[in-house]
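J.: Starting off with a structure, shown below.
The values are calculated or read from the model by the stated rules, or taken from the named source; none is laboratory data. Owing to the predicted nature of the structure, the values given are computational and were not obtained by experimental measurement. Here Cβ is always computed from backbone atoms with ideal geometry, including for glycine, and neighbour counts include all displayed protein chains. For accessibility, only protein heavy atoms count, side chains too; no ligands or nucleic acids. Shrake-Rupley method; radii C 1.70, N 1.55, O 1.52, S 1.80 Å.
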Amino acid sequence: YYRDGSCGKCMERCRNDAISKEGRDPRKCHEYAAQKLPEILKKEGKLENYFGIPTCGLCTMGVPCADRIP
């Protein structure tokens, strides 16, 4: 999106509205990871794999720029 305004998939994937057309709010990323991610992982039975990652990374998975410049 920031290159030419044509994508925005990361904004769609972000669960905490930390990414918008105005930019990324790292505070919201950390807030989500600290408060919500452990709850979700516990429900999914995956909490044992959680090591306190500072952000969830959901926005960078499965989007066009995840492995290349679109």
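J.: May I ask you to give the solvent-accessible area per residue for the chain, in square angstrom, as obtained with a 1.4 angstrom probe? Provide the component values of the computation, followed by the final result.
T.: Details: 5310 Å² over 70 residues.
Here the per-residue accessible area is 76 Å².
J.: To the nearest 10 degrees, how steep is helix 26-35 against the longest Cα principal axis of the chain, on a 0 to 90 scale?
T.: Helix 26-35 sits roughly 30 degrees off the main axis of the chain.
J.: Compute log10 of I(q)/I(0) for the chain with the Debye formula, placing one identical point scatterer on every Cα and leaving out solvent, at q = 0.17, 0.21, 0.22, 0.28 Å⁻¹, to two decimals.
T.: Debye curve over Cα of the chain, log10 I(q)/I(0) at q = 0.17, 0.21, 0.22, 0.28 Å⁻¹: -0.66, -0.91, -0.97, -1.26.
J.: Separation between the R68 and E39 pseudo-spin-labels, each 7 Å from Cα along Cα→Cβ, expressed in nm?
T.: 3.9
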